[in-house]
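First comes the structure, then the notes that go with it.
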Amino acid sequence: MVKYTQLGNATTLETPADLKPQTAPYDPRFPNQNQTRYCYTSYLDFHRCKKRHSEEYEACKYFKKVYTAMCPLAWVTNWDEQIENGNFPGDI
């Protein structure tokens, strides 16, 4: 149970019991604290997988889960726009 105060009134919020915070699992290819490469590589891997299989393929779901957990939303939005415009610098 989470409690917070809004304009002086105490309110209680209940969270579902099955809701667990998750993040990307450890990947030994990216041992450093800076996870920028992990984010970018997972984004590329997702789009390569999606191009080869489909977005519903299990491995593609994994890569999407990782990059959505690791990458800032602004980066993903920018990269998606670049893919649509045909000027994305990565090799997909």
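Rule-based calculations on the coordinates, nothing more; no lab input. Note that this is a predicted model, so its numbers are computed, not measured. Here the Cβ positions follow ideal geometry from the backbone for every residue, glycine too, while neighbour counts run over all protein chains shown.
Hey, rough spin-label estimate for GLU55 and ASN87, points 7 angstrom out along Cα→Cβ, what's it come to in nanometres?
Here the answer is 2.5 nm between the modelled labels.
Evaluate the distance, in nm, between pseudo-label points positioned 7 Å from the Cα of ASN32 and of THR77 along their respective Cα→Cβ axes.
Using points 7 Å along Cα→Cβ, the separation is 2.7 nm.
Could you give the semi-axes, largest first, of the ellipsoid that matches region 34-86, computed as the square roots of 5 times the alpha carbon gyration tensor eigenvalues and rounded to whole Å? Write out the running numbers ahead of the final one.
Working: eigenvalues 58, 43, 14 Å².
Ellipsoid semi-axes (Å, largest first): 17, 15, 8.
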